[in-house]
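The values are calculated or read from the model by the stated rules, or taken from the named source; none is laboratory data. None of these values were measured; they are calculated from a predicted model. Because the Cβ atoms are built from the backbone with ideal geometry, glycine has one as well, and the counts that use them run over all protein chains shown.
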Amino acid sequence: MSIATNLQTIKSTLPDHVTLVAVSKTKPVSDLMQAYDAGQRIFGENKIQEMVDKWEQMPKDIEWHMIGHVQTNKVKYMAPFVNLVHGVDSLKLLEEINKQALKNDRVINCLLQIHIAEEETKFGLDEEELNTLLSSDSFLKMKNIRIVGLMGMATFTDNQNQIKKEFTHLKSIFDNHKNLNSENCNLKILSMGMSGDYQLAIACGSTMVRIGSSIFGGR
Ligand SMILES: *Cc1c(COP(=O)(O)O)cnc(C)c1O
């Protein structure tokens, strides 16, 4: 199957309110251009340097999403152009994004990553840490970031019930906070679901899916 066909097939199954992020990490620019030529404009990368290289080479009407874990010392490289940072999970990282956004005279949209999986290794905040962050003075003072939603990754398992439980948990945290409208926080986006579990994620309330291998093939 071609990349264009894969994209068409996936898009035809997505409800209108769900946004597709084409996860292009490790793939060459020529593959991304096939998706671009088929109409895709939102790409997700998990390494900042790789995203910068692709941004430099590709058309400027692309929205670049950083979906990986971000090291604070690399934020400056993506601050001039990144559209959405999915994996924000600390106040320290948010402070750095705010600082670099200010230097670039921008407001950078971010999602806070919530830890929903069983694995210890997956990053993210629990609900209590989320509340602490959102009510902290330093967060309330940040003018160059916007928290526009939440992101999470389910456990890597075949057990559909467990994945469903984890997505439902994230959706309930999202619902608990979505009426919290302040200057720099307004939750509209719920980023959950990858190639293997996006249909379940949508059934559980996802509004943004991050799909890589089903579009571009295995890595
Ligand atoms: C790689 C990755 C994806 C896409 O995974 P696929 O299984 O290839 O669809 C989605 N989200 C994150 C955070 C990723 O790192």
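Details
- Across the stretch 91-111, a minimum of one residue is classified as surrounded by 23 or more Cβ atoms within 10 Å (Cβ to Cβ), within 14 Å of the ligand (Cβ to nearest atom) and not basic (Lys, Arg).
- Annotation note: of Leu112, Leu84, Leu20, Leu32, the sole residue that is touching a helix residue (DSSP H, G or I) at 6+ places or on another chain (Cβ under 7 Å) and closer than 20 Å to Ile145 by Cα is Leu112.
- Some residue of the stretch 154-169 being within 23 Å of Val209 (Cβ to Cβ) and touching a strand residue (DSSP E or B) at 6+ places or on another chain (Cβ under 8 Å): no
- Any hit, the stretch 35-53, residues being under 20 Å from Phe174 (Cα atoms), over 15 Å from the mean Cα position of the chain (by Cα) and within 16 Å of the ligand (Cβ to nearest atom): no
- Test: Lys25 is of a type in the set (Lys, Arg), part of a loop (DSSP other than H, G, I, E, B) and surrounded by 13 or more Cβ atoms within 10 Å (Cβ to Cβ): yes
- Taking each residue of the stretch 11-24 that is modelled with pLDDT of 95 or more and within 14 Å of the ligand (Cβ to nearest atom) and looking for partners that are of a type in the set (Phe, Trp, Tyr) and part of a strand (DSSP E or B) with beta-carbon atoms closer than 9 Å, six or more apart or interchain, yields Val21/Phe43; Ala22/Phe43; Val23/Phe43; Ser24/Phe43.
- Output for the stretch 57-80, where each listed residue is surrounded by fewer than 21 Cβ atoms within 10 Å (Cβ to Cβ) and part of a helix (DSSP H, G or I): Gln57, Thr72, Asn73, Lys74, Lys76, Tyr77
- If you go through the stretch 81-108 and keep only what is assigned to a loop (DSSP other than H, G, I, E, B) and farther than 19 Å from His69 by Cβ, you end up with Phe81, Asn104, Asp105, Arg106, Val107.
- Pairs are defined by a Cβ separation below 9 Å, a sequence spacing of at least 6 or placement on different chains, a first member in the stretch 41-55 that is free of Cβ contacts under 8 Å to residues at least 24 places away in the same chain and under 12 Å from Lys27 (Cβ atoms), and a second member that is in a loop (DSSP other than H, G, I, E, B) and more than 13 Å from the ligand (Cβ to nearest atom); the pairs so defined are Phe43/Met58; Phe43/Ile62.
- Conditions (1) out of contact with any helix residue (DSSP H, G or I) (no Cβ under 6 Å at 6 or more places or on another chain); (2) within 14 Å of the ligand (Cβ to nearest atom); number of the one not met by Ala201: (1)
- Test: residue in the stretch 48-56 that is charged (D, E, K, R), buried (at least 21 other Cβ atoms within 10 Å of the Cβ) and modelled with pLDDT of 95 or more: no
- Search result, residues across the stretch 176-198 that are under 13 Å from the mean Cα position of the chain (by Cα) and within 13 Å of the ligand (Cβ to nearest atom): Ser191, Met192, Gly193, Met194
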